[in-house]
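Structure first, commentary second.
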């Protein structure tokens, strides 16, 4: 009888592990967004210092599931806040702020910082493709 609780705990852990989706490594295949010439709608508000990848109405960039993006920005310093908004269309008809696996900020990859004065690594670790709008606040 002593081994029964351990067996139940092990079975529960194994069952939970099976339910987790498999995902490639977060630092593999990083996609550069805006690093070569900028995003078409990217802008910086000089009064607040806020940088955004696009206006509310888009066009928003393709934000594929299980993909990490290097978002180049014009803040000139590491952002204090990274916000990810996602929609099902590039024009952002119903855009909403994302949390959890759809909006993961990667702190570092291969011993290189993921958040710098020039770029930030953001990952869509969820199982859904979106169009994204990124807002960085100083």
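The values are calculated or read from the model by the stated rules, or taken from the named source; none is laboratory data. This one's a predicted model, so the numbers in the text were calculated from it and none came from an experiment. Note: ideal-geometry Cβ built from the backbone for every residue, glycine included; neighbour counts use all protein chains shown.
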**Asked** Here are 28, 46: which of them is surrounded by 10 or more Cβ atoms within 10 Å (Cβ to Cβ) and at pLDDT 70 or above?
**Response** 28
**Request:** Give me a count of the residues in segment 105-131 that are closer than 23 Å to residue 41 by Cβ and either surrounded by fewer than 16 Cβ atoms within 10 Å (Cβ to Cβ) or out of contact with any helix residue (DSSP H, G or I) (no Cβ under 9 Å at 6 or more places or on another chain) (or both).
**Result:** 12
**Complete:** Of all strands (runs of 3 or more DSSP E) fully inside segment 53-121, the set with 3 or more residues that are within 14 Å of the chain's Cα centre (by Cα) and closer than 15 Å to residue 135 by Cβ is 67-72, 81-87
**Message:** Here is a check on your reading of the model: is residue 53 on the phi < 0 side of the Ramachandran plot, in contact with a strand residue (DSSP E or B) (Cβ under 7 Å, 6 or more places away or on another chain) and surrounded by 14 or more Cβ atoms within 10 Å (Cβ to Cβ)?
**Reply:** yes
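If only one of 62, 54 is modelled with pLDDT of 90 or more and within 20 Å of residue 89 (Cβ to Cβ), which one is it? Steps first, answer last, please.
Values: 54 fails: modelled with pLDDT of 90 or more.
Result: 62 is the single residue among 62, 54 that is modelled with pLDDT of 90 or more and within 20 Å of residue 89 (Cβ to Cβ).
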